[in-house]
Each structure stands twice: as structure tokens, then as C-alpha cells.
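The values are calculated or read from the model by the stated rules, or taken from the named source; none is laboratory data. As the structure is a computational prediction, the values presented were derived from the model and not from experiment. Please note: Cβ atoms are built from the backbone with ideal geometry, for glycine as well, and neighbour counts cover all protein chains shown.
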Amino acid sequence: MNLRPRLLILIFALLVLHPWILAHAQEENSQIPQTVERARQDYLFQYANYTEAHKEYQTAKEAYQKFGTIVSQQEAIAKTKPVLILRAEILRTHLQLLKVKLASQPDLEPALKDAQFGKIEATQAFISTHKDNLQKTKSISEVNAESQRLEREADAIQDLAYESLSFLLVGEAQELEIRTRTMLENTVKDVPEEDQAIKQGASDVRRKLTSVRVALDGSTDTILNFRVSQSTRMLKAYEQVQKEMIGVKSSLQEAAQLVSEIVRSISNG
């Protein structure tokens, strides 16, 4: 009998996503909404619990493979169920983190956010039921059957995670674009019409920000088009959006620099 739990593909995806979570852990708390910080801490707590439980399971599994005794077999079986339960908690808390981060993005289209919330909540309900079912199992065959039920949804859960991450990339860039545009308009609103140098600089910034909006609309289309394809995994969409955001962030940095130059020019009279 193979006692090793068949871990979800998403667990390995979460190992890839984990540095993204840790990058946020390095930020100052004042920069993160409290709801996001709580969800992030919950995810990291469950991840630490899973890591510890998996070490214990791994030790028990290796002992059974080495000695093959009934005692070592029972120990390996006993360590399997907690790992699977904590696996479910990792999935649930990771999705919750994505949900609250989406909610913290004020400039994403409400319809897109609502649709994403609905999918996340439905998936979380499925995972919670799976966890409850695992806790009620009485035999290793029941544990395996329940584990396989979740594994059949692995691709869909992974797609949902990467789809949400893709929307987050777009939402964060949208927020920066709007912030830069607002700063520009507040800076030049009282500039006299005859000050052509300032007006030209402002026009250059607006053109750059318009190109950013076009790019963000294109990225949103990329996500939506990948979503309706049954043969393409959302990881590829996420990677494509990541590449697109490199150009977007470069344009936003250039626009912000131009705004700073306009501010200095006005200050210097």
C-alpha cells in the first residue's frame, strides 16, 4: 500500500507563490490594510502548521518504508490525516488572502470583483466541506477517497488562484495610474494657459497615462480570454500579465518622474 498522500498540484503552486506572500511580510504594517494583514498572518500561520505536520508525516513514512512494521504503518497512517486537513487550511486561507486583497483594490471593476468573490467563496465552501469530511473519516480508504475528491478540483483551484493574482496585478497598476493622474491634474490646474512648457509637459504625461490605461485594458482582456479557454491553465495568463506589467510600471515611473519635474518647474517659478 502506498501511504504517501497524493498532494495537490496547488500545494506546489503555493510553494511558488509563497515568496510573493513573504515579500508582503517585509512591508511596513501601515502600508497594508488591516484586513489584508490579518489574512496574511492567518495564511502564514497555517502554512507553518502544515510544514511542521508534513515533517512529522515524512519521518513516519520513511520509518515505515525502512522497517515495514505494523506499528510504523499505523504511525504513518496517523500522520497522514492531519497533513491533509492542514492542506485544506492552506488552500482556504490562501484564497481568503486573495479575496481581501482584491477587496482592497478600489479601482478594479466592481463586476469583476463580485464575480471573483463568488468563485472564491464557492471554492472555500467546498474546501471547508472537504476538511469536515476528512475529520469524520474512520479508515485510510475513506481518507484516500476524500483526498482524491479534492485532487480532482486541483486544476480549477489553481486556476482560480492565478486568475485572482492576475487581477491583483492589474488593480495595483490601475491604482498607481489614477494616483499619478490625480497628482498631475492637481499640480497644473492653476497654471496659466500661456505657460506652454508646463502645458506641454502635462500633455506628455497624459499621453503616457493613456497608453497605460490601454495596456491595462489589454491585460484584463488577456485574463478574461484565458479564463474561457478550457485547455489553457491560468498560470500562463498570470505569467503573461506579469510581463505586460513590466512595461506598464516603466511607463508609470516615467510619468511620475515627469510630474515631479513639472512640480519643480512650477516651484522654481
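A few remarks follow.
- Scanning segment 37-51 turns up no residue that is within 26 Å of residue 235 (Cβ to Cβ) and modelled with pLDDT under 50.
- Complete set of residues in segment 191-228 that are over 22 Å from residue 168 (Cα atoms) and in a helix (DSSP H, G or I): 196, 197, 198, 199, 200, 201, 202, 203, 204, 205, 206, 207
- Single residue of 224, 235 found to be surrounded by fewer than 17 Cβ atoms within 10 Å (Cβ to Cβ) and at pLDDT below 95: 224
- The listed residue being among the acidic types (Asp, Glu), surrounded by fewer than 17 Cβ atoms within 10 Å (Cβ to Cβ) and more than 29 Å from the chain's Cα centre (by Cα), out of 142, 52: 142
- Within segment 103-127, residues that are of a type outside the set (Phe, Trp, Tyr) have Cβ atoms under 9 Å from residues that are outside any helix (DSSP H, G or I) in these pairs: 103/33; 104/32; 104/33; 113/105; 116/108; 123/153; 127/153, counting only partners at least 6 apart in sequence or on another chain.
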